[in-house]
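The values are calculated or read from the model by the stated rules, or taken from the named source; none is laboratory data. These numbers come from a predicted model, not from an experiment. Here the Cβ is made from the backbone with ideal geometry for all residues, glycine too, and neighbour counts use every protein chain on show.
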Amino acid sequence: ELTSLLESRISHFYMNFQVDEIGRVVSVGDGIARAYGLNEIQAGEMVEFSSGVKGIALNLENENVGIVVFGSDTAIKEGDLVKRTGSIVDVPAGKAMLGSVVDGLGVPIDGRGALSDHERRRVEVKAPGIIERKSVHEPMQTGLKAVDSLVPIGRGQRELIIGD
């Protein structure tokens, strides 16, 4: 009788649990944190530090992970816990964003409340190949005649401008 009672209790026993992969910060500085213990993390995955600051895992190595910190890294210390979120970093996009002031993660900071009816796009996407890109055919005026005459720029063109 005791055996059947135990079997019935065990068969109806349900355990709901969630397993999080947690690592520790090895070093932090200049907006970059290095952490170990996040063996299953994906490139571009959002992580959260114990201080609440978030970051994106970009440099995956055998021993540790390089994380770009979103926000100030002064709240993050060596030895702090860092947790995987399981989601790739994405931000709001589309026409719903027009006129909104947002931070780097797309969170509204203009006091107008949350964005409604918006799509989301991943931050890290592969650029289209040279053949698929639309050709540059329309000039873009900078408003500075010296720049426009010395360095003609087309609308949609990628141009590296370095100055002292």
Would you confirm whether any residue within region 97-110 is outside the structural domain of E40 (by TED's automatic domain parsing), of a type in the set (S, T, Y), in contact (Cβ under 8 Å) with a residue 12 or more places away in the chain and farther than 30 Å from Y36 by Cα? yes
Any idea which of (1) in contact with a strand residue (DSSP E or B) (Cβ under 6 Å, 6 or more places away or on another chain); (2) within 28 Å of V125 (Cβ to Cβ); (3) hydroxyl-bearing (S, T, Y) is the one S27 doesn't satisfy? (2)
For region 68-82, give me the residue count where each residue is more than 15 Å from L105 (Cα to Cα) and surrounded by 16 or more Cβ atoms within 10 Å (Cβ to Cβ). 4
Within region 124-141, is there a residue that is in a strand (DSSP E or B) and surrounded by 15 or more Cβ atoms within 10 Å (Cβ to Cβ)? no
Checking D148 against (1) part of a loop (DSSP other than H, G, I, E, B); (2) farther than 30 Å from A96 by Cβ: exactly one of these is not met. Which one? (1)
Identify the residue in region 98-116 that is surrounded by 15 or more Cβ atoms within 10 Å (Cβ to Cβ) and under 18 Å from the mean Cα position of the chain (by Cα) and, among all such residues, is farthest from L58 (Cα to Cα). P108
Filter region 39-67 down to the residues that are within 15 Å of V26 (Cβ to Cβ) and either under 15 Å from the mean Cα position of the chain (by Cα) or among the charged types (D, E, K, R) (or both) and list them by number. I41, V47, F49, G55, A57, N59, L60, E61, E63, V65, G66, I67
Exactly one of (1) on the phi > 0 side of the Ramachandran plot; (2) assigned to a strand (DSSP E or B); (3) of a type outside the set (K, R) is unmet by G111. Its number? (2)
